[in-house]
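Written below as structure tokens is the structure these notes are about.
The values are calculated or read from the model by the stated rules, or taken from the named source; none is laboratory data. Computed from a prediction, not measured in an experiment: that's the story for all the values here. For neighbour counting, all protein chains shown are included, and Cβ atoms are generated from backbone atoms with ideal geometry for every residue, glycine included. These accessible areas exclude ligands, DNA and RNA; they are computed on the full protein's heavy atoms, side chains included. Shrake-Rupley method; radii C 1.70, N 1.55, O 1.52, S 1.80 Å.
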Amino acid sequence: MAHHPLYSDLCQIAGSKYVADSDFAVWAYAKDSSAYPARVPGIVVRPNTAEEVSEIVKLANQHKVPIVPRGGGTQFGGWPPGEPGKSICVDMTRMRRILDVNELNKTVTVEAGVTCAELEARLLPKGLYAHTVFSPADSVTIGGMVCGVFGGGGQMFAGLASNWPTIVGVKAVLPNGEVIETGTRTNPHAKMFFRSAVGPDLAGLFIGSMGIFGIITEVTLDLFYWQPHREVGAVAYKYERLDDAYQAIVKLGMHEPKLFSLCILFGLGPLAQTDWQLLYRAQGHSREELDRKLETTARIIEDTAPPDAWQPADAVGYATEFLLHGHDFPPHTLGMWTIMEFLCPRDNTLEIFKALSELIVEELRGWEDRVLSGGCSMFMCGEQHYLSFGLYHKESDPEAREKALSVSQKGNILGLEMGGFKLVLNKEGGDICAAMMPPAYSNWLRALKKAMDPNNIMNPHMLLLP
Amino acid sequence: MNTTGVIANSELERIREMAYACTRCGACREKYSGDMTHTPAFRVCPVREHNGGFEHHCARGKLQIAQGILEGRCAYSPELIDLIYSDPDCKLCTWVCNALPVLDPPMVWRAMRQDIVAAGSGPPPPLKEIDTRVREQHNVFGARTDRRAKWAQGLDLPGRGELLYFAGCYASYPQAGIARSTVAILRQAGLDPAYLADGEWCCGVAQFHDGSTALAEQAAKHNVELIASSGAKRVVTSCAECYKSLKLEYPDILGELPFEVVHVSEILADMLGAGKISLKAGLPERRVTFHDPCHLGRYCKVYEPPRAVIGAIPGVELVEMKRHRDYAWCCGNGAELVSSMQPELASEIARGRMEEAGETGAQALITACPRCVLSLERAARGMKVYDLTVAVARSMGLEV
Ligand SMILES: Cc1cc2nc3c(=O)[nH]c(=O)nc-3n(C[C@H](O)[C@H](O)[C@H](O)COP(=O)(O)OP(=O)(O)OC[C@H]3O[C@@H](n4cnc5c(N)ncnc54)[C@H](O)[C@@H]3O)c2cc1C
Ligand code: SF4
Ligand code: SF4
């Protein structure tokens, strides 16, 4: 088989063990964790250092070959297209060193390819913690988390809709191959210890960027003390009591200080019409702190709960599984997951939630056996709510796949038009949002991209950009 | 595209649903257990870990490729065939995959190998050679059939009896000490195991995995018929791979067997519990660790009996490796696949496992499979590697 034109050059940079271009090897990099179509790169390289990444980017510029960076490959908004059969997929998972745990400054600096779960496991013995993602933490890389999902969220994020405020700074290779550092490292004598830079906070260019402005090679995150005391709880509400359940999570969510590290209103959705389960996980540095939180929670729930709310043991069992050991989500046996997800302000979350439920009932009529409405969740995150509606289908059933994707497209548009905001974008998800962008904003984005990446090397064709 | 023959994909089609059941979560690349302080698993796939770390080496990538084959978007090139064969089927990906039982990834590569064999495009030469030896000499080494029972010379093992010892190729040829230890222990407990001698054939483990299922079936039929005609009600084996063949594969193709199959670790644990044997002396090494063979552990779920036996050796402290029981890392062999296709990769995997053993501070490693002993011994760098039966015979003061 003929090699990719840049095969030898890439072997020179990263070593031949870390370059692959056979048709099956590149095919294995063609999708994310969604049902969206395959986009096959031309070659895959697994660099080991920022310098190697920089050389790869320079090489790509020289030959005008697009680059698609890849972390854990667990985005679910559609894999970036690059240029099929030609792009260089830069697999960042070889760069997985934990570079510095600074317990005094309470920062941790890691390479972009470290997974969230590994970081958590390495910090835990020191009694420390960094905000990452709830799931799939075994695969999501810190670089992917920063670029792909605005810093991630879901894990101990009481008070935060996303972890982005806990991102101190990044080291990144720009589209021209230059290596930069943001935050306090804009003073070359300083460590990376604070987000503010000399001038504007350009770290924001990378957060949620999906890699269109460069490749992140290092990330510094704030550190927190691990809260060893944890407990989960659950309350169930009858299906028709959604408004009451929502009132409970609003009251719980507005409480100061925040009570939970995780709180979800979960149900199997409008088709199954099972009970709503309010699942929560509270944590504390001490048992007393945890008990105080649990008592307050019980009081608020009692004040808002209707007489037919109860606390079933099986719900608590599920909550324990899901929230305490919660890295294994969602259940994989149901098939491929297609998700409609939105961050919503408190004042219209319920409205969006109900509208999406109706849409699902309408759209799935006659498809109930092939596209499962696999649950809807309303995560309480700080002052917002994160809504997610999952659909499951068998990937072996192409019609069901198309149906699931089309329902999710419709749902995404509806949610956005009603004022929701998508946190997981990538190709298809990003295109829907970009189509609604005010022209002045999209022109600005286009101009920025053109100025930074004149050869359009970095993840082209995202957000309706060229 | 460099394609090889016309491959009908009939086996892959048969398990199509399974090939498509992957949700691409990536847990089969690395996985930290929810309860990290108890069983952290770290890197999952030994092939990915020691081969450049690409997607196509791990289950997620290979399942994607299987789908590509079904959709006509990937073709079986010689390189792809090599890839599909360079996998020990260690099943760690199955264990971490939340889609179990809908998805058992190695079953997908086994189906692909069957299709490759059916089309005459495989197995690749190193495995074809093993198949030939098994077909002609009934052992994986191509050693003389009439030497198979040499280890039993002077033991006067009966040909018939209620309990039968199935030695397997490794304990019959290069690791006779394991076979002799097993028999010595059983005899000490008052049991006189029957033995098929030269009539015993290789259990067919390599053929079950390399897609040469007709040959595997031949071995299964032969062994089952002979065992049944020996009057055995119970078969004991000291080999994890033979155990898995007899326990899982044979009933799968032949239906319920007329005898029970046990691994020697199970019978040892029972005999200890019933006071039929007693372990008297310690080992020269005080701190030992245990390596769970994939075929004994993840395939057959035998985890506690070998540990109970080790725990009964006086003065010996068992320390677990980071990855143990369901999470145990492969020894690198796996049904002869990796050791024949990519010997260097097999050694690297074994070295990785021995490093992990070293991290426990253990002075010796005990395992319960002659094939694992061989792989790990070669990578041991000074650490003593025992088969469970050898350690037990030693502790019982038995001359073997
Ligand atoms: C089942 C499931 C559950 C999820 N649950 C959560 C959750 O609870 N909370 C949450 O926050 N998210 C969640 N996510 C979303 C996931 O965390 C994000 O999609 C995240 O971006 C994936 O990271 P990754 O390393 O896999 O990145 P990839 O999927 O590999 O890449 C994501 C994007 O970032 C780009 N990229 C990757 N690495 C770099 C880099 N180093 N530099 C520049 N660009 C890069 C890629 O080109 C791509 O555009 C979930 C996803 C799944 C499939
Ligand atoms: S094989 Fe299982 S663990 Fe691996 S990506 Fe697929 S679903 Fe996840
Ligand atoms: S069976 Fe073992 S080696 Fe093969 S893909 Fe699964 S984890 Fe990797």
Residue list for region B:60-73, restricted to those being without any contact (Cβ under 8 Å) to a residue 24 or more places away in the chain, within 8 Å of chain A (Cβ to nearest Cβ) and surrounded by fewer than 24 Cβ atoms within 10 Å (Cβ to Cβ)
B:Gly68, B:Arg73
Which of the numbered conditions does B:Lys280 fail, given that it passes all the others? Conditions: (1) touching a helix residue (DSSP H, G or I) at 6+ places or on another chain (Cβ under 8 Å); (2) within 16 Å of ligand 3 (Cβ to nearest atom).
(2)
Do we have any residue at all in region B:95-104 that's free of Cβ contacts under 8 Å to residues at least 12 places away in the same chain and within 16 Å of ligand 1 (Cβ to nearest atom)?
no
Filtering region A:54-79 for residues that are within 14 Å of chain B (Cβ to nearest Cβ) and either within 15 Å of ligand 2 (Cβ to nearest atom) or open to solvent by 20 Å² or more (accessible area, probe 1.4 Å) (or both) leaves a count of 8
Within region A:111-123, which residues are within 19 Å of A:Met92 (Cα to Cα), open to solvent by less than 10 Å² (accessible area, probe 1.4 Å), more than 7 Å from chain B (Cβ to nearest Cβ) and not β-branched (Val, Ile, Thr)?
A:Ala112, A:Gly113, A:Cys116, A:Leu119
Looking at region A:93-110, which of its residues are polar (S, T, N, Q), more than 14 Å from every other protein chain (Cβ to nearest Cβ) and not in a loop (DSSP other than H, G, I, E, B)?
A:Asn102, A:Thr107, A:Thr109
It is to be established whether one or more residues within region A:375-387 are of a type in the set (A, V, I, L, M, F, W, C), within 21 Å of the chain's Cα centre (by Cα), open to solvent by 10 Å² or more (accessible area, probe 1.4 Å) and at pLDDT 95 or above.
no
Cβ-Cβ under 7 Å pairs, at least 6 apart or on other chains, region A:202-222 side without any contact (Cβ under 8 Å) to a residue 24 or more places away in the chain, far side of a type in the set (Ser, Thr, Tyr) and outside any helix (DSSP H, G or I):
A:Leu202/A:Thr182
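Can you work out which of the residues in region A:399-428 that are in a helix (DSSP H, G or I) and over 22 Å from A:Val361 (Cα atoms) is nearest to the chain's Cα centre (by Cα)? Talk me through it step by step, then tell me what you get.
First, the residues of region A:399-428 that are in a helix (DSSP H, G or I): A:399-417, A:426-428.
Narrowing the set further to residues that are over 22 Å from A:Val361 (Cα atoms) leaves A:426-428.
Working: A:Asn426: 10, A:Lys427: 14, A:Glu428: 15 Å.
Per the criteria, the residue is A:Asn426.
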Check region A:4-13 and report whether any residue there is within 22 Å of B:Ala21 (Cα to Cα), open to solvent by less than 20 Å² (accessible area, probe 1.4 Å) and touching an Asp or Glu at 6+ places or on another chain (Cβ under 9 Å).
no
Condition first: assigned to a helix (DSSP H, G or I) and within 16 Å of ligand 3 (Cβ to nearest atom). Can you find one or more residues in region B:121-135 that meet it?
yes
Can you run down the residue pairs with Cβ atoms below 9 Å, 6 or more apart or on separate chains, where the first is in region B:23-36 and closer than 12 Å to A:Thr74 by Cα and among the hydroxyl-bearing types (Ser, Thr, Tyr) and the partner is within 15 Å of ligand 3 (Cβ to nearest atom) and modelled with pLDDT under 90?
B:Thr23/B:Asn98; B:Thr23/B:Ala99
Output the residues belonging to region B:328-345 that are in contact with a helix residue (DSSP H, G or I) (Cβ under 7 Å, 6 or more places away or on another chain) and either open to solvent by less than 10 Å² (accessible area, probe 1.4 Å) or assigned to a loop (DSSP other than H, G, I, E, B) (or both).
B:Trp329, B:Cys330, B:Cys331, B:Gly332, B:Asn333, B:Ala335, B:Glu336, B:Leu337, B:Val338, B:Leu345
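Please work out if B:Gly34 is small (Gly, Ala, Ser), within 16 Å of ligand 1 (Cβ to nearest atom), at pLDDT below 95 and open to solvent by 20 Å² or more (accessible area, probe 1.4 Å). Write out each step before concluding.
Numbers: small (Gly, Ala, Ser): yes; within 16 Å of ligand 1 (Cβ to nearest atom): yes; at pLDDT below 95: yes; open to solvent by 20 Å² or more (accessible area, probe 1.4 Å): yes.
It is true that B:Gly34 is small (Gly, Ala, Ser), within 16 Å of ligand 1 (Cβ to nearest atom), at pLDDT below 95 and open to solvent by 20 Å² or more (accessible area, probe 1.4 Å).
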Output for Cβ contacts, cut-off 8 Å, separation at least six or different chains, first residue over 15 Å from B:Asp252 (Cα atoms) in region B:220-236, second small (Gly, Ala, Ser), reads B:Leu226/B:Gly199; B:Ser230/B:Gly159; B:Ser230/B:Gly161; B:Ser230/B:Ala194; B:Gly231/B:Gly161; B:Gly231/B:Ala194; B:Ala232/B:Gly161; B:Ala232/B:Ala194
Can you name the residue in region B:39-56 that is assigned to a helix (DSSP H, G or I) and more than 9 Å from chain A (Cβ to nearest Cβ) and, of all such residues, is surrounded by the fewest Cβ atoms within 10 Å (Cβ to Cβ)?
B:Glu49
Which residues, taken from region A:124-140, are of a type in the set (Ser, Thr, Tyr) and either open to solvent by 20 Å² or more (accessible area, probe 1.4 Å) or facing chain B (nearest Cβ under 10 Å) (or both)?
A:Ser135, A:Ser139
Just the residues that are open to solvent by less than 10 Å² (accessible area, probe 1.4 Å) and not charged (D, E, K, R), please, taken from region B:209-221.
B:His209, B:Gly211, B:Ala216, B:Ala219, B:Ala220
Of the residues in region A:26-43 that are of a type in the set (A, V, I, L, M, F, W, C) and within 17 Å of A:Pro69 (Cβ to Cβ), the one that is nearest to the chain's Cα centre (by Cα) is A:Ala30
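Name every residue in region B:259-277 that is loosely packed, with under 14 Cβ neighbours inside 10 Å and either of a type in the set (A, V, I, L, M, F, W, C) or not in a helix (DSSP H, G or I) (or both), in order of residue number.
Looking only at region B:259-277, we keep the residues that are loosely packed, with under 14 Cβ neighbours inside 10 Å, and these are B:260, B:273-275.
Across region B:259-277, the qualifying residues are B:Glu260, B:Ala274, B:Gly275.
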When the residues of region A:1-46 are narrowed to those that are closer than 30 Å to A:Glu399 by Cα and among the aromatic types (Phe, Trp, Tyr), which ends up farthest from the other protein chains (Cβ to nearest Cβ)?
A:Tyr36
Those residues that are at pLDDT below 95, in a loop (DSSP other than H, G, I, E, B) and crowded, with 24+ Cβ neighbours inside 10 Å, I need them from region B:75-118; list them, please.
B:Cys97, B:Leu103
